[in-house]
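> Dropping a structure here in structure tokens format, bear with me for questions.
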Amino acid sequence: MTISRRSVLKGMAAGGLAMAGGPFAMTGSAFAAREKELNILCWEGYNSAQVLDPFRKKTGATVKAESLTNDPTMINRLRAGEINVWDLINVNNPWARKVMWPEKLIKPLPKDEFEPFFAKMLPMFKWPYKWAMSDDGKELLGSIQRFGPYSFVVNTKKIDRKTAETTGWDLFNDPKLSGKYGILESDDWNVFNIFLVAGIDPFKVHTPEELAKFEETAKKVFKGAKLIGDIAAMNQALVSGEIDLHLTGGTYSVSAARADGYPELRGITPLKGPLPGGKGGVSWIEVTSTVNNPNPTPLAVEFLKYVQAPDIAHTVAFAEGTFNPVAQMGNPDCFKLFTKKELEAIQWDSLDEEMDRSVEYDIVPDYDKALDIMNAAKRVRG
Amino acid sequence: MAQTSLSHPAAPVSLEAAPALPTKRDALLSLGARCSLPVIVLLAVGFVAPLIAIFAYSFAKPRTFEVFRSFTLVNYAEIFNVNNTVWLSFLWSLGFAFATCALLAVIAYPIAYGLNRVFGKWSSLVSILFVFPLFVSENVRLYGWVLFFIKNGVLDGTLKMLGFEGGPQVLYQPPMILAGMLYVYLPFMLFPMTLGLAMVPRDLIDAARDLGANRWQIWREVELPLAMPGILIGMLLTFVLGIGAVAEAKILGGQSVIVISHDIFIGALTLAVFSRLDLDRLLGRR
């Protein structure tokens, strides 16, 4: 391509349009037919070239994906008018049926086309799988793929697995471990976990006394943390020996380090805790839904079917950055693609029991209040 | 038009019409304004628009993207709420920025002096050594520091290998954040200061010495005032960068303190400082 004045001007105009097309300029415009266009709002993994390139090649479509690491932010973007922009949204389990469907931000999937996929998933996702369906059980609101237990991570050379599982969240109440743990920064999960360290079920409306206990625990937990950081910082600190364990973590955060040759780092699900049924852990299951875009693309449903294929599901499980089990491992054709090392990385040996000991991610009714308390507690740690 | 040219000679008509057009245009936009239009548009889109957007966010409902569609003063009430601990973050950021600024002035001055007066032919090489790290992303450099200082990392691991006790545990503490800021912002203080010192005429120093001034007097009354424009610009740059610094606290400090990195605050501060700063005067152009 030769660069001429005209092409430069065209490029500038396109750039200007792209800049104008931010969150404020996306309402109500009539798009042309979008047969060859797909926009995905997701957690990291679905935005990787490994996953998207074969689909682009197969369909000749322009596929754009943006990854965020916070469910409410993604949903707020749809609420703010980006419903016209995105075709697929990939968030944790409760949001589809509890928030996005009642607010008409997403639309149902054709049940007859997707039920066969559920039949091949791991038994825990048996049709009709609760989090994929609407409250009344009539509509299928999303497709299932990645999931995992997510409580905390320990270096089993420093604290053995049995001790960690038995002691559970009280590890973070132990003064002896003060200064020896990190906190993986994540607003919602940190809120859940601090409630759990305080011995309180996070997924309910809390009394003022419980919130006071939450505040006290948050201050103590943040004060005692050696560092607060992202997944890379936590894994690096665990590997180097700066910390022995970190709050908020599991397969999703530690699998990459395990795959890199540190199997002693392990996601732990406590044997017991303050959750219903005496459960001690929290797990997450991603639900990917089609956005209620006024100008939909047929590629949205096609993409959801595409990622169900055994080889693509395996690619999604091991997409760059974070490795996770996928529901499609229930299909022997998919399962056989996982090597022994990969199964070790995602803690396949204890996956079932850890999921059993966990309650599924849910919405904290008084989340905003708890988050404010937690952020204030974080600031006084210095 | 044809009739006009028939009834009047052509030349006077064109003479009358010609100056009239530019005058009309001049009234709309002066030549200078027209020439600066591309830059004004660029600044409006790239600098003013984001600031307006951030300002608008401050009136949006908390934790939403409802900019320009909701209006609330809750965010401001929250900031000025005495029970809120945001002031702590402001305090840390201000403290770090002042400390960075003051310490860098002291650290960079001898180097700038050396670059001008002492290093001679080596000055270029020394300058390049200070510039070179700027080609590497700040985050990458900070992660490099982490690898250097982390337990069993480059320093600790090497010392242990050599039979020593191991290196000091300095990561994830406030002093390390300051050290990171000093390292990252050193060139922003050093180069304006070097330029400032280069503006001090050698003859004036010689004259002062001939007239009996001692070293202290020469520095205090000749060198420092004449180099002040460069020093002030260096301090301004490091302060503004320092108050918005967040990577050092996150990467080196492990968020041992939570700093404020609020663009609108920095924007307002920069505007306030620049409106009082006469760069022409500082640079000695008048």
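The values are calculated or read from the model by the stated rules, or taken from the named source; none is laboratory data. Owing to the predicted nature of the structure, the values given are computational and were not obtained by experimental measurement. Note that each Cβ is placed from the backbone with ideal geometry, even for glycine, and that neighbours are counted across all protein chains shown.
> Please work out which residue is farthest from the other protein chains (Cβ to nearest Cβ), limiting yourself to segment A:353-371 and to residues that are of a type in the set (D, E, K, R) and in contact with a Pro (Cβ under 9 Å, 6 or more places away or on another chain). If you could, list the steps in order and put the result at the bottom.
First, the residues of segment A:353-371 that are of a type in the set (D, E, K, R): A:353-354, A:356-357, A:360, A:362, A:366, A:368-369.
Cutting the leftovers down to in contact with a Pro (Cβ under 9 Å, 6 or more places away or on another chain) gives us A:354, A:357, A:360, A:362, A:368.
Details: A:Glu354: 28, A:Arg357: 30, A:Glu360: 23, A:Asp362: 18, A:Asp368: 7 Å.
Filtering segment A:353-371 for residues that are of a type in the set (D, E, K, R) and in contact with a Pro (Cβ under 9 Å, 6 or more places away or on another chain), the one farthest from the other protein chains (Cβ to nearest Cβ) comes out as A:Arg357.
> Determine, yes or no, whether A:Leu245 is hydrophobic (A, V, I, L, M, F, W, C) and away from chain B (no Cβ under 13 Å). Please lay out each step first, then the result.
Numbers: hydrophobic (A, V, I, L, M, F, W, C): yes; away from chain B (no Cβ under 13 Å): yes.
Judged against the criteria, A:Leu245 is a match.
> Same structure again: So is A:Ala164 assigned to a helix (DSSP H, G or I), in contact (Cβ under 8 Å) with a residue 60 or more places away in the chain, more than 11 Å from chain B (Cβ to nearest Cβ) and closer than 21 Å to A:Ala376 by Cβ or not? Please lay out each step first, then the result.
Working: assigned to a helix (DSSP H, G or I): yes; in contact (Cβ under 8 Å) with a residue 60 or more places away in the chain: yes; more than 11 Å from chain B (Cβ to nearest Cβ): yes; closer than 21 Å to A:Ala376 by Cβ: no.
No: the conditions fail for A:Ala164.
> Would you call A:Ser134 more than 15 Å from the chain's Cα centre (by Cα) and hydroxyl-bearing (Ser, Thr, Tyr)? Break it down into steps so the answer makes sense when it comes.
On the way: more than 15 Å from the chain's Cα centre (by Cα): yes; hydroxyl-bearing (Ser, Thr, Tyr): yes.
Yes; evaluated as a whole, the condition is true for this residue.
> Look at segment A:84-124 and say how many of its residues are surrounded by 21 or more Cβ atoms within 10 Å (Cβ to Cβ) and β-branched (Val, Ile, Thr).
Of the residues in that region, 3 qualify.
This table checks each residue for (1) surrounded by fewer than 24 Cβ atoms within 10 Å (Cβ to Cβ); (2) in contact (Cβ under 8 Å) with a residue 24 or more places away in the chain; (3) among the polar types (S, T, N, Q).
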residue	(1), (2), (3)
A:Gly261	yes, no, no
A:Glu264	yes, yes, no
A:Val282	no, yes, no
A:Ile285	yes, yes, no
A:Asn293	yes, yes, yes
A:Ala309	yes, no, no
A:Thr315	yes, yes, yes
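> Would you confirm whether any residue within segment B:197-207 is out of contact with any strand residue (DSSP E or B) (no Cβ under 9 Å at 6 or more places or on another chain) and on the phi > 0 side of the Ramachandran plot?
Quick first cut of segment B:197-207, residues out of contact with any strand residue (DSSP E or B) (no Cβ under 9 Å at 6 or more places or on another chain) only: B:197-207.
Those left that are additionally on the phi > 0 side of the Ramachandran plot: none.
No, segment B:197-207 has no match at all.
> Could I ask something else about it? Against the conditions (1) part of a strand (DSSP E or B); (2) within 13 Å of chain B (Cβ to nearest Cβ), where does A:Lys219 fall short? Just the number, please.
Status for A:Lys219: all satisfied but (1).
> Any chance segment A:236-243 includes a residue that's assigned to a helix (DSSP H, G or I), surrounded by 23 or more Cβ atoms within 10 Å (Cβ to Cβ) and of a type outside the set (Asp, Glu)? Working first, answer last.
Step one: list which residues in segment A:236-243 are assigned to a helix (DSSP H, G or I), which gives A:236-240.
Among the residues that remain, those that are also surrounded by 23 or more Cβ atoms within 10 Å (Cβ to Cβ) are: A:237-238.
Those left that are additionally of a type outside the set (Asp, Glu): A:237-238.
Looking through segment A:236-243, at least one residue is assigned to a helix (DSSP H, G or I), surrounded by 23 or more Cβ atoms within 10 Å (Cβ to Cβ) and of a type outside the set (Asp, Glu).
> A follow-up question, please. Across segment B:19-39, what is the number of residues that are assigned to a helix (DSSP H, G or I), at pLDDT 85 or above and either surrounded by 12 or more Cβ atoms within 10 Å (Cβ to Cβ) or more than 23 Å from the chain's Cα centre (by Cα) (or both)? It would help to see each step written out before you state the result.
Keep residues of segment B:19-39 that are assigned to a helix (DSSP H, G or I), which gives B:19-28, B:31-39.
Now drop any that are not at pLDDT 85 or above, which leaves B:31-39.
Of the ones still in play, those that are also either surrounded by 12 or more Cβ atoms within 10 Å (Cβ to Cβ) or more than 23 Å from the chain's Cα centre (by Cα) (or both) are B:31-38.
Qualifying residue count for the region: 8.
To keep it simple, each residue is scored yes or no on (1) away from every other protein chain (no Cβ under 11 Å); (2) acidic (Asp, Glu); (3) within 22 Å of A:Gly229 (Cα to Cα).
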residue	(1), (2), (3)
B:Phe119	yes, no, no
B:Leu125	yes, no, no
B:Ser137	yes, no, yes
B:Arg141	yes, no, yes
B:Leu147	no, no, yes
B:Asp156	no, yes, yes
B:Phe164	yes, no, no
B:Leu178	yes, no, yes
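> Further question: Given the structure, is B:Tyr57 touching a residue at least 12 places away in the same chain (Cβ under 8 Å) and either within 14 Å of chain A (Cβ to nearest Cβ) or within 30 Å of A:Val380 (Cα to Cα) (or both)?
On the way: touching a residue at least 12 places away in the same chain (Cβ under 8 Å): no; either within 14 Å of chain A (Cβ to nearest Cβ) or within 30 Å of A:Val380 (Cα to Cα) (or both): yes.
It is false that B:Tyr57 is touching a residue at least 12 places away in the same chain (Cβ under 8 Å) and either within 14 Å of chain A (Cβ to nearest Cβ) or within 30 Å of A:Val380 (Cα to Cα) (or both).
> Let me ask something additional. Given the residues A:Glu302, A:Glu342, A:Glu320, which is the only one that is at pLDDT below 95 and either closer than 19 Å to A:Gly45 by Cα or part of a loop (DSSP other than H, G, I, E, B) (or both)?
On the way: A:Glu302 fails: at pLDDT below 95; A:Glu342 fails: at pLDDT below 95.
When all the criteria are applied, what remains is A:Glu320.
> (1) farther than 19 Å from A:Ile144 by Cβ; (2) within 14 Å of chain B (Cβ to nearest Cβ); (3) at pLDDT 95 or above: which one isn't true of A:Leu41, the others all being true?
Only one criterion in (1) farther than 19 Å from A:Ile144 by Cβ; (2) within 14 Å of chain B (Cβ to nearest Cβ); (3) at pLDDT 95 or above is unmet by A:Leu41, namely (1).
The rows are residues; the columns are (1) β-branched (Val, Ile, Thr); (2) free of Cβ contacts under 8 Å to residues at least 12 places away in the same chain; (3) in a helix (DSSP H, G or I).
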| site | (1), (2), (3) |
| --- | --- |
| A:Asp53 | no, yes, yes |
| A:Arg56 | no, yes, yes |
| A:Glu66 | no, no, no |
| A:Asn76 | no, yes, yes |
| A:Val99 | yes, no, yes |
| A:Glu103 | no, no, no |
| A:Phe114 | no, no, yes |
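> For B:Ala97, only one of the following conditions fails: (1) assigned to a helix (DSSP H, G or I); (2) farther than 21 Å from B:Met235 by Cα. What is its number?
Only one criterion in (1) assigned to a helix (DSSP H, G or I); (2) farther than 21 Å from B:Met235 by Cα is unmet by B:Ala97, namely (2).
> Taking B:Leu115 as the residue in question, decide whether it is assigned to a helix (DSSP H, G or I), touching a Ser or Thr at 6+ places or on another chain (Cβ under 7 Å) and within 30 Å of B:Trp219 (Cα to Cα).
Spelling it out, B:Leu115 is indeed assigned to a helix (DSSP H, G or I), touching a Ser or Thr at 6+ places or on another chain (Cβ under 7 Å) and within 30 Å of B:Trp219 (Cα to Cα).
> Would you pick out the residues in segment B:75-94 that are over 16 Å from the mean Cα position of the chain (by Cα), assigned to a helix (DSSP H, G or I) and either among the small types (Gly, Ala, Ser) or within 14 Å of chain A (Cβ to nearest Cβ) (or both)? Walk me through it before giving the result.
First, pick out the residues of segment B:75-94 that are over 16 Å from the mean Cα position of the chain (by Cα): B:75-92.
The next check asks that each one be assigned to a helix (DSSP H, G or I); those that pass are B:75-80, B:86-92.
Passing the criteria: B:Asn75, B:Ala77, B:Glu78, B:Ile79, B:Val86, B:Trp87, B:Leu88, B:Ser89, B:Phe90, B:Leu91, B:Trp92.
> What residue, among those in segment B:55-83 that are surrounded by 15 or more Cβ atoms within 10 Å (Cβ to Cβ) and touching an Asp or Glu at 6+ places or on another chain (Cβ under 9 Å), is farthest from A:Arg77 (Cα to Cα)?
That would be B:Ala60.
> Counting only residues that are hydroxyl-bearing (Ser, Thr, Tyr) and surrounded by fewer than 24 Cβ atoms within 10 Å (Cβ to Cβ), which one in segment A:147-182 is farthest from A:His314 (Cα to Cα)? Before you say what the answer is, go through the steps one by one.
Taking segment A:147-182 and keeping what is hydroxyl-bearing (Ser, Thr, Tyr), we get A:150-151, A:156, A:163, A:166-167, A:178, A:181.
Retained after the next criterion (residues that are surrounded by fewer than 24 Cβ atoms within 10 Å (Cβ to Cβ)): A:156, A:163, A:166-167, A:178.
Working: A:Thr156: 28, A:Thr163: 33, A:Thr166: 33, A:Thr167: 34, A:Ser178: 39 Å.
For segment A:147-182, the residue satisfying everything is A:Ser178.
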